[in-house]
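Below is one structure; the comments refer to it alone.
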Amino acid sequence: MLNLLRRAWRRRRSFLPVEGFAFGRPLVVLQSDDWGRVGVRDGEGWEELRALGMNLGERSYDFYSLETAEDVAAIVSLLQRHRDSTGRPASLGMNFIVANVDFDKVSANNFRQIYLRALTEGLPEGWKRPGLFEAYREGISAGVLSPALHGTTHFCRPAVERHLVDPGERGVLLRGLWKAGVPYIHWRMPWIGFEYWDPEPHGEEDFLTSEVQESLIAPAVETFIRFFSKAPRSACAPGYRANQSTYGAWAKRGIRVAQNGPGSAMPPHFDGNGILHLYRSMDFEPAVEEEFSVDACLRVAEDCFARGVPAIVSVHSINFHSTIKDFRSRTLGLLDEFLAALEAKHPDLLYVRDEDLHDLVDKGTLQSMQAAVRVPVTKRKFMTRAVEAGWRA
């Protein structure tokens, strides 16, 4: 009954005007999730899972692995070729999972406890990605990669702990995956939830408590700082599952921008914690969308520009992977086409990062390669139904 009331309120609220920020120039933001998170290791790992009786290849995320140094270098090369009206290159916001399961340690302890290996300690045993961490840092130094916080594990630890020693089907699957060095394949096991959100036993609204979320977010930020030598300013919750407890914990740790998933197309706005909320405009996911269309994404971007809101592109890391299946080549070609079309049509286009948007709202200026660029920023009310209709175009 409570969930029905919540849904009714959301429907009612969707007809109300929403106050947010509008910008006087076309802005493009690229946001991407799941960097640093391991999946199926390689061809050998693939065969280990098949030996468990898993019918792999049914969905794209069966091929999710981990980016290579070559994957990252190819992204950097593409972004450096695309410049906005001030000469700044396009920039990809990369949301990092800052730790992976220490599979060997968990197995040695007979699966009684979850052990993690932070990125600062390297990848789990058996995982080889020579030069990957250096490739991250080179892209960041070049100004085309922008790291942000995604989380520590992506999965909900209390949910996984319940099944780790479970003698039933779920426990057998989980332990089999971990023995093969694979944390999970989410579509096959949605019961693992997302880091701050437990799908069981209380249903769709069961976020972890404020205290638990703070205990997860604080060390994640510390690990991020150790790995990147700077604090995160932007964050995106795994599965987009965040609530006021999440935002409060982020704010305490200096995060100023919250990334939200596509669907609502809300305008950028501040919450009570002083966090600027951004909402993705489109899914640019050729690896997972059979009928993906660049033209459809361009229509959404034009609709965003017409209303004065940024075109925020969601493109997950799987789209750039090449280890088990080459998703990278097609994605880079389509992204090249998309960005070139926007640049050709909008001579005043600006490529911005999450923190740039925060600075624009705060100061009204954007630092280009030579000087500060002033962008008109106004606060006004948006009709959300009109916004949602535009997003679905």
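Data overview
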read-out	value
Local electrostatic count at VAL72 - Lys and Arg +1, Asp and Glu -1, tallied over other residues with Cβ under 12 Å	-2
Inter-label distance for LYS381 and ARG112, nm, one decimal - labels placed 7 Å from Cα along Cα-to-Cβ	6.1
Among PRO286, PRO310, PRO376, residue whose mean-square fluctuation peaks in a GNM of the chain (springs only between Cα atoms under 10 Å)	PRO376
Lys/Arg +1, Asp/Glu -1 at C-beta; the range 17-391 dipole; positive extreme among VAL172, HIS358, TRP127	HIS358
Mean separation of Cα contacts under 8 Å, 6 or more apart, over the residue count of the chain: relative contact order %	27
Relative contact order of the range 187-258, pairs being alpha-carbon contacts under 8 Å that are 6 or more residues apart, as %	33
Normalised contact order of the range 44-197, rounded percent, pairs of Cα under 8 Å and 6 or more residues apart	27
Exposure proxy ranking, count of Cβ atoms within 10 Å, fewest first, for ASP62, ASP84	ASP62, ASP84
DSSP bridge orientation in the chain - percent antiparallel, rounded to nearest 5	40
Cβ-based exposure ranking for ILE217, ILE75, ILE324, in which fewest neighbours within 10 Å come first	ILE324, ILE217, ILE75
Interchain or long-range residues, amide H under 5 Å from HIS316's placed H	ASP33
Cut-off of 10 Å, at most 15 other beta carbons, DSSP loop: longest stretch of the chain lacking such GluC sites (Glu not before Pro)	292-393
Other-chain or far-sequence residues with amide H under 5 Å of LEU366's (modelled H)	VAL373, ARG374, VAL375
Ordering of 263-272, 85-94 by packing [mean C-beta count within 10 Å, highest first]	85-94, 263-272
Estimated inter-spin distance, ALA344 and GLU222, nm [label 7 Å along Cα→Cβ]	5.2
In the chain, lysine pairs closer than 19 Å at Cα, eight or more apart or cross-chain	6
Whole-Hz couplings from phi, Karplus 6.51/-1.76/1.60, listed for the range 65-75; x for Gly and Pro	10, 6, 4, 10, 4, 5, 4, 5, 4, 5, 5
Simple Cβ-charge dipole of the chain, Lys/Arg +1 and Asp/Glu -1, about Cα centre, in debye nearest 20	1180
Taking VAL373, VAL72 and counting other C-beta atoms within 10 Å, the order from fewest to most	VAL373, VAL72
Correct option for percent of Cα pairs over 27 Å apart [calculated from the coordinates] among (1) 50; (2) 59; (3) 54	(1)
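FYI, it's all coordinate maths here, none of it is from the lab. Note that the structure is predicted; figures quoted are calculated from it, not measured. Glycine also receives a Cβ, built like all others from the backbone with ideal geometry; neighbour counts cover every protein chain displayed.
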